[in-house]
1. With respect to ARG147, determine if the residue is in contact with a strand residue (DSSP E or B) (Cβ under 9 Å, 6 or more places away or on another chain) and free of Cβ contacts under 8 Å to residues at least 24 places away in the same chain.
2. Please find, among ARG123, ARG95, ARG86, the residue that is in contact (Cβ under 8 Å) with a residue 60 or more places away in the chain, at negative phi, out of contact with any Lys or Arg (no Cβ under 9 Å at 6 or more places or on another chain) and exposed (fewer than 15 other Cβ atoms within 10 Å of the Cβ).
3. I need a count of the residues in the stretch 216-233 that are modelled with pLDDT of 95 or more and either more than 30 Å from THR347 (Cβ to Cβ) or part of a loop (DSSP other than H, G, I, E, B) (or both).
4. Among the helices (runs of 4 or more DSSP H) contained in the stretch 253-371, which hold 2 or more residues that are under 22 Å from the mean Cα position of the chain (by Cα) and among the aromatic types (Phe, Trp, Tyr)?
5. For the stretch 231-265, name all the residues that are touching a residue at least 60 places away in the same chain (Cβ under 8 Å) and exposed (fewer than 12 other Cβ atoms within 10 Å of the Cβ).
6. Looking only at the stretch 298-331, count how many residues are crowded, with 18+ Cβ neighbours inside 10 Å, within 16 Å of the ligand (Cβ to nearest atom) and of a type outside the set (Ser, Thr, Tyr).
7. Only one residue in ASP292, ASP285 is more than 30 Å from VAL66 (Cβ to Cβ) and either within 13 Å of the ligand (Cβ to nearest atom) or not β-branched (Val, Ile, Thr) (or both), so which one is that?
Amino acid sequence: MIRHAIVAGGGIAGHAAAIALRKAGIDVTVLEQRHAEDGLGSFMRLNPNGLDALAALDVLDPVMNVSFPMTHVEAYGPDGTLLVNRPLSDPVPERGLGARFVTWTNLEQALRAEAVRRGASVRHAVRVTGATGADDGVAALLADGGRVDGDVLIGADGTRSVIRAAIDDEAPAPEYCGSRTVYGYTPKTPADVPPAPAQLRAYRGEGRLLAHIDDPVTGEQYWFTNLKTPDQLPEPGPSTDEWRDQLLALWPDADAPAAGIIAAASSIRAADDKALHHLPRWHADRLVVIGDAAHAAPPATEQGGAIALEDAAVLGQCLRDLELPLALARFEQLRRDRVEKIIGFATGRLTTTESPNWSYHHHIDWSRQIR
Ligand SMILES: Cc1cc2nc3c(=O)[nH]c(=O)nc-3n(C[C@H](O)[C@H](O)[C@H](O)COP(=O)(O)OP(=O)(O)OC[C@H]3O[C@@H](n4cnc5c(N)ncnc54)[C@H](O)[C@@H]3O)c2cc1C
């Protein structure tokens, strides 16, 4: 019987898993390497399937409070012609969830607050270095020499997962996709840029694209562009000013809306696009990986966060209803095909003329018994 679960990584998947485990009546300790006040600078569109997973965990309202709606995608050509105007509605109309924009930090903090409110213990500035078997249990090994014992150890520790390596020391790492996402924050919509509340608005040019969405209350802008390059980012990466110079060189017309947004940005960062399409082993003994640790999805899928939330809810159901090792095997069985299909389409391994709507239909009924 699972009494105490350890979660390595207090990000999107980790805190959502803590909520699911508490809902299943299991004690949980989350171990996160960041300090409590540190976040990641990225942001995301939560598609209907991700919102559905939050609803299954009764945590939709707290996330609604820190996010805003995205109702349309619009794209303009170099001469200002409207090329695309597509609604982002829920393909399951009676569910009516649509899509929401949220920053990584706001989502993580909302989930963490809910996990703690429901009784999870969350420890910060604690780095997990590995795992070891214990009498009738498992232990997370910590960088400070300590350990935390439990009945199951869930690796929600992202693309560089140490739990993935503890499960299989030959596990593949996420592969570089040959591009990077550069994303920025502009404190207020520049006067010459039409505001885009509730719309992801993209400006296209010769081999370039910049998309932005604006906070409907504050007018703050969140934007991104994608650059193809064979080289991965150095560490540390370019500064905001260096990125600004590089991007403005791609948008030399200072009157173009994209140039105005880039010029007024207060923060510009970048992440290499990486994908982990097929991880041979998701679990071993009392260890399991979820979220990016199991199946990193490049940002272009706009699904990595959503499928991490789905994982958390489904794993909670499996640990609620089944004993180990069956619970972990069943979790993999319920999840693998779906996430590999999403990542396969995004990375060109699979091709389709199907709209991405198929992936938005996913629904989790928390009360369903897992057998
Ligand atoms: C630029 C960008 C845009 C994106 N856009 C979207 C989008 O539009 N829609 C969408 O759904 N997804 C999007 N994603 C993907 C999404 O952010 C990820 O899929 C999601 O964050 C995965 O959640 P996770 O909890 O598995 O991993 P993470 O969010 O990376 O969290 C992992 C956590 O584990 C901690 N950790 C790591 N190692 C250790 C350790 N050894 N010990 C303790 N703690 C550890 C980390 O500090 C972190 O807090 C985007 C990603 C990027 C980079």
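The values are calculated or read from the model by the stated rules, or taken from the named source; none is laboratory data. What you are looking at is a predicted structure, and each value in this text was computed from that prediction instead of being measured. Here Cβ is always computed from backbone atoms with ideal geometry, including for glycine, and neighbour counts include all displayed protein chains.
1. It is true that ARG147 is in contact with a strand residue (DSSP E or B) (Cβ under 9 Å, 6 or more places away or on another chain) and free of Cβ contacts under 8 Å to residues at least 24 places away in the same chain.
2. On inspection, the qualifying residue turns out to be ARG123.
3. Of the residues in the stretch 216-233, 5 are modelled with pLDDT of 95 or more and either more than 30 Å from THR347 (Cβ to Cβ) or part of a loop (DSSP other than H, G, I, E, B) (or both).
4. Counting at least 2 such residues, we get 326-346, 357-360.
5. Result: ASP255, single match.
6. Selection size over the stretch 298-331: 18.
7. ASP285
The rows are residues; the columns are (1) among the β-branched types (Val, Ile, Thr); (2) more than 23 Å from GLU108 (Cβ to Cβ); (3) surrounded by 20 or more Cβ atoms within 10 Å (Cβ to Cβ); (4) within 14 Å of the ligand (Cβ to nearest atom).
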site: THR129; (1), (2), (3), (4): yes, no, no, yes
site: ALA140; (1), (2), (3), (4): no, no, yes, yes
site: GLY158; (1), (2), (3), (4): no, no, yes, yes
site: SER161; (1), (2), (3), (4): no, no, yes, yes
site: ALA171; (1), (2), (3), (4): no, yes, no, no
site: TYR183; (1), (2), (3), (4): no, no, yes, yes
site: ALA191; (1), (2), (3), (4): no, yes, no, no
site: TYR203; (1), (2), (3), (4): no, yes, yes, no
